[in-house]
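Single-structure report; data block below.
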Amino acid sequence: MNTKSLRFKITDAFYIAMMIIPIVFGIVLKVVTTPPSEGISITGALVYFSIPMPLQDFLITESQVNSAIAFIVILFFCLYITHGLSEKAELKRQHIAEFIVEKVAALVEENMGDYFKGFTPFIIAILALSGVSSLLTLFGLYPPTSDINIVGGWAVLVFILITYYKMKCGPLHYLKAFGDPVPFLAPLNIISEVATPLSMAFRHYGNVLSGSVISVLLGAALGGLSSMVLGWLPGFLADIPLFRIGIPAVLSVYFDIFSGCLQAFIFAMLTMLYVAGGFPLEEYMNRKAKKEKTRKCVTNK
Amino acid sequence: MELAIGIILGCCALGAGMAMIAGIGPGIGEGNAVASACEAIGRQPESKGSVTTTMLMGCAIAETTGLYALVIAILLIFVAPNLLVDILVETIKAL
């Protein structure tokens with residue numbers, strides 16, 4: 001029972017390899033394409049090539065390539081973790097998969113209520129995408145989440161969802177919500193509506209970007225300090241920035257691991273709260289009941 | 001010309017520094033939030049999980065204004081000088 005067939009093992013190895021190959025590909029691409037630079041430099045994403053388009057050139061940048069890497073890694077991780085599912089849960093990985101799904105389902109149900117049970121896959125997708133994208137820094141890759149275009153795209157997607165669920169009771173009800181306490185406040189309501197995706201995008205991108213900027217500044221400062229203090233050492237020893245060993249790693253635990261995971265969690269949490277908070281559930285249920293009543297009347301006649 | 005470029009660079013740096021004054025607000029706010037969360041956990045240790053989650057959410061939202069300031073500071077340091085110097089050069093050429 002415990003022995004896995006050869007085919008099963010080969011498929012497993014293929015999935016694991018496909019999780020590692022994109023990351024290696026990304027590292028190689030980064031090493032090949034990064035222009036040599038003196039000292040520290042803080043730059044945006046590298047532009048690999050641009051496709052001419054009528055309105056504006058379509059740029060293929062580092063952040064797009066790296067988010068594609070994140071997609072592939074997540075896809076094959078999911079394939080690996082759900083490979084060989086069975087009712088008896090013979091494999092350890094099935095427990096991990098069930099744990100993840102159960103936790104997120106409980107989170108969604110706690111924050112969004114029963115009506116939004118179907119949101120679990122979407123929330124898991126956001127969590128995984130954001131988390132893996134931020135954690136790509138651990139391999140020295142440019143994190144796609146520190147590019148506002150990527151995070152802004154997610155925020156626009158969430159904004160469309162929020163608006164869709166607000167529109168569920170008809171456009172008239174949606175427009176009425178803008179003049180909620182007093183019609184006089186409508187401009188402020190419109191501003192706060194627009195500020196929602198803007199603040200979501202800025203929050204995620206600002207946190208990740210500030211982490212990498214501070215890391216670069218600290219690395220440069222430590223390099224300078226060690227060349228100042230240990231510059232008298234003979235030979236090649238003076239060129240090695242000894243102070244850079246170890247200290248940035250402590251910061252990296254906070255900025256890369258903790259902050260990346262926390263921002264993923266917060267983005268998912270805010271998505272849930274905004275979508276569930278914007279949806280007028282009682283009104284929708286009343287309307288649905290009314291509609292069914294009229295339909296029944298019509299069919300009875 | 002050099003003077004104009006120097007003024008642009010200096011003012012961009014000054015503006016970035018001044019924008020980050022906004023960092024005070026989120027600092028005080030998050031400090032208050034964490035202090036209250038510690039109090040709440042001290043009073044009811046069994047509610048630690050939910051209090052921590054809510055506190056992190058609140059901290060993230062309180063951080064937003066500071067991050068706006070950070071974004072503006074980063075734009076002022078890395079993006080604005082190039083843009084403004086380009087505009088300056090073009091205006092001088094046009095004259």
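Within the range B:73-92, the set of residues being closer than 29 Å to A:Phe258 by Cα and surrounded by fewer than 17 Cβ atoms within 10 Å (Cβ to Cβ) comprises B:Leu75, B:Phe78, B:Val79. Checked against the criterion of being closer than 22 Å to A:Ala264 by Cβ, in a helix (DSSP H, G or I) and within 13 Å of the chain's Cα centre (by Cα), the candidates B:Gly66, B:Gly23, B:Gly15 yield just one match: B:Gly66.
Screening A:Leu218 against (1) in contact with a helix residue (DSSP H, G or I) (Cβ under 8 Å, 6 or more places away or on another chain); (2) within 14 Å of another protein chain (Cβ to nearest Cβ) leaves a single unmet condition, (2). Restricting attention to the range A:85-129, which residues are of a type in the set (Gly, Ala, Ser) and closer than 24 Å to A:Asp12 by Cα? The answer is A:Ser86, A:Ala89, A:Ala97, A:Ala125, A:Ala128. Can you confirm whether the range B:31-54 contains a residue that is farther than 26 Å from A:Gly206 by Cα and in contact (Cβ under 8 Å) with a residue 40 or more places away in the chain? Checked the range B:31-54: no residue is farther than 26 Å from A:Gly206 by Cα and in contact (Cβ under 8 Å) with a residue 40 or more places away in the chain.
Looking at A:Gly260, A:Gly246 in this structure, which one is out of contact with any Leu (no Cβ under 9 Å at 6 or more places or on another chain) and more than 11 Å from chain B (Cβ to nearest Cβ)? That would be A:Gly246, the only listed residue that is out of contact with any Leu (no Cβ under 9 Å at 6 or more places or on another chain) and more than 11 Å from chain B (Cβ to nearest Cβ). Taking the range A:1-114 as the region of interest, the helices (runs of 4 or more DSSP H) fully inside it that hold 3 or more residues being among the small types (Gly, Ala, Ser) and free of Cβ contacts under 8 Å to residues at least 40 places away in the same chain are A:92-112.
Matching residues to (1) of a type in the set (S, T, N, Q); (2) within 12 Å of chain A (Cβ to nearest Cβ):
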position	(1), (2)
B:Ile28	no, no
B:Asn32	yes, no
B:Cys38	no, no
B:Ile41	no, no
B:Thr52	yes, yes
B:Ala62	no, yes
B:Leu75	no, yes
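Yes or no: B:Ala60 of a type outside the set (Val, Ile, Thr) and either modelled with pLDDT under 90 or touching a Cys at 6+ places or on another chain (Cβ under 7 Å) (or both)? Judged against the criteria, B:Ala60 is a match.
Inside the range A:274-301, can you point out the residues that are closer than 20 Å to A:Leu161 by Cα and surrounded by 11 or more Cβ atoms within 10 Å (Cβ to Cβ)? Across the range A:274-301, the qualifying residues are A:Tyr274, A:Val275, A:Ala276, A:Gly277, A:Gly278, A:Phe279, A:Pro280, A:Leu281, A:Glu283, A:Tyr284, A:Met285. Remark: pairs (first residue in the range A:193-208, more than 7 Å from every other protein chain (Cβ to nearest Cβ) and more than 22 Å from A:Leu138 (Cα to Cα); second residue among the aromatic types (Phe, Trp, Tyr) and part of a helix (DSSP H, G or I); Cβ separation under 7 Å; 6+ apart in sequence or on different chains) = A:Thr196/A:Phe159; A:Thr196/A:Tyr274; A:Pro197/A:Phe159; A:Met200/A:Phe267.
The values are calculated or read from the model by the stated rules, or taken from the named source; none is laboratory data. Bear in mind that the values here come from a model prediction, so they are computed numbers and not experimental data. All Cβ positions, even for glycine, are placed from backbone atoms using ideal geometry, and neighbour counts span all protein chains on display.
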